[in-house]
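The values are calculated or read from the model by the stated rules, or taken from the named source; none is laboratory data. All values reported here derive from a predicted model rather than from experimental measurement. Reconstructed Cβ throughout: ideal geometry from the backbone, glycine too, with neighbour counts over all protein chains shown. Surface areas here come from the heavy atoms of the whole protein model, side chains and all, with no ligands, DNA or RNA. Shrake-Rupley method; radii C 1.70, N 1.55, O 1.52, S 1.80 Å.
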Amino acid sequence: MVLATKETPTLLLANEQTAGYGRQGRPFLSPRAVGLYMTLVLPGVKLKQLDAGQVTITMAVATAQAISRTVRREVRIKWVNDLYYLQHKVAGILVEGWQQDGQSALMIGLGLNLMSADYPLALQKKVGSLALDQVDKASLVAAIIERFFYLQTQPFAQVMSIYRNLSCLQHRNVILQVAGQQIRGQVTGFDQHGGIQLETDQGQRTFYSGEVIKVNVLPKQ
């Protein structure tokens, strides 16, 4: 998977976000000075030929590898766009396209909680951080971007091989919400295109969109 761009990419960094959001427009809490909030803008990308899911997977792998190498934290990926550390969500990735007046761009947003913060009570059981006392943000950002641009030049099968090893969902019983339905199943793997494979009451099924809303749920009796 190669993201061909006609112009120079732009990286936007923020120390705080007052209106951060994730998938489906849900708010993403972005407190001052305790996180890494960035958007990589790739102008001139042919959006109609793009698989946003594969871009998300590539950025997830790049971020996980950069965190491991730079700050020595081992994170895991929850399909398709969340990173977890010690069973708490510490990062989310959002890929969006932009088009106007014949111009187009791909925007890859990443919010990463680096240090502990006073999260609202409703989020404390779900949201965490990498629990760092201090961090060189510039080095971490550079590592993430370097890994992303390296990985996106490699065969996607290679990226998926790494992704499978980093997944926190293998062989877990989950509920997948897709197109207004909730589907129960056990995660049996991920196919070569990044789809999640579930063993369900209707047999083996593969999904390329949706959101895992519950993990380790009891299978139906």
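Go through the stretch 48-86 and count every residue that is open to solvent by less than 40 Å² (accessible area, probe 1.4 Å), in a helix (DSSP H, G or I) and closer than 30 Å to Q99 by Cα.
Counting residues in the stretch 48-86 that are open to solvent by less than 40 Å² (accessible area, probe 1.4 Å), in a helix (DSSP H, G or I) and closer than 30 Å to Q99 by Cα gives 12.
Which members of the stretch 156-169 meet the condition of being open to solvent by 50 Å² or more (accessible area, probe 1.4 Å) and touching a residue at least 12 places away in the same chain (Cβ under 8 Å)?
The answer is A157, R164.
Among what's in the stretch 90-125 and is closer than 25 Å to A62 by Cα and at pLDDT below 85, pick the residue that is most open to solvent (accessible area, probe 1.4 Å).
Applying the filter and picking the extreme gives S116.
Which ones in the stretch 175-221 are among the small types (G, A, S), surrounded by 14 or more Cβ atoms within 10 Å (Cβ to Cβ) and modelled with pLDDT of 95 or more?
G185, G189, G194, G195
So, in the stretch 17-42, of the ones that are out of contact with any Leu (no Cβ under 8 Å at 6 or more places or on another chain) and modelled with pLDDT of 80 or more, which residue ends up least open to solvent (accessible area, probe 1.4 Å)?
Among those residues, the one meeting the criterion is A33.
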